[in-house]
Amino acid sequence: MPLHEVHALLQQTFEQAVAIIRPNFHMGLDLFLASIPLVIALLIFRKKNIIPGILWWPLLVIMVLFLPNAPYVLTDVIHFVAKVRVTPPLPIWAMSLLLVEYFFYFLIGMQCFVIPLMLWGRTLRRRHWGWLTLPLEILMISLSAFGIYLGRIDRLNSWDVVTNPEHLMVQALRDATNPKPEEMTLLFFLAVFVVYYLIKTVNVLIARLLARDIAPLAS
């Protein structure tokens, strides 16, 4: 193959790889929506509450409404698969960058789900209601799994509660009584359940290690 053709092929491959690993707009939007419950949780679940009671409950409701946006990022694996299945195949360096990119994308999105629930659980334990933590986690994972279905399959959004509540309610009731949506919701539930408790376990271990290392310095 002539040298100029090799150069052109390499340049074309490089440009294709860069275009593929470049973050899409939807990834930034999904992470922004995922961060909303995290920001709210950091405000309302502080040890010293600075949020007036009249605002605390509305903020909690908003947090719950936007919470499914965090694990929703896991469904963006379909975009990862689409980027991988290209012709010609991606070079190894581009595939490696793509794997790293989506790993941190999924991790950040799920941390925006895990941390709010961990903070909520800490608040419950501080008020001697710790026994509610596990039921709360299961409930939030279940609601989020159904919310993921509404978002991925029915293309509904969290703000439809305000902008189009009637359509949201009708569609949600219709899906809740049909077998196919229930099966998809169960799959989403299992995926979020496994990833949630995996990340939560790692977070707890890291927190304990940090506390153990910092304690001698403080003494």
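No lab work stands behind these numbers, since they all come straight from the coordinates. For clarity, every value in this text was computed on a predicted model and none was experimentally measured. When we count neighbours, we look across all protein chains shown, and the Cβ atoms used for this are built from the backbone with ideal geometry, even at glycine.
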Quiz item: Mean 1/r over all different Cα pairs, inverted: what Kirkwood radius does the stretch 102-151 give, in Å?
Solution: 11.9 Å
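Can you sort H26, H79 so the residue with the fewest Cβ neighbours within 10 Å comes first?
Working: H26 10, H79 14.
Going from least to most buried by this count: H26, H79.
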Quiz item: Once you put a point 7 Å from the Cα of A82 and another 7 Å from the Cα of V194, both along the Cβ direction, what distance in nm separates them?
Solution: 2.4 nm
Exercise. Diagonalise the Cα gyration tensor of the stretch 45-120 and give the resulting equivalent ellipsoid semi-axes, square root of 5 times each eigenvalue, largest first, whole Å.
Key: 38, 12, 7
Practice problem: Please report the base-10 log of the normalised intensity I(q)/I(0) for the stretch 77-219, using a Debye sum with one equal scatterer per alpha carbon and no solvent, at each q in 0.13 (1/Å). | Solution: -0.81
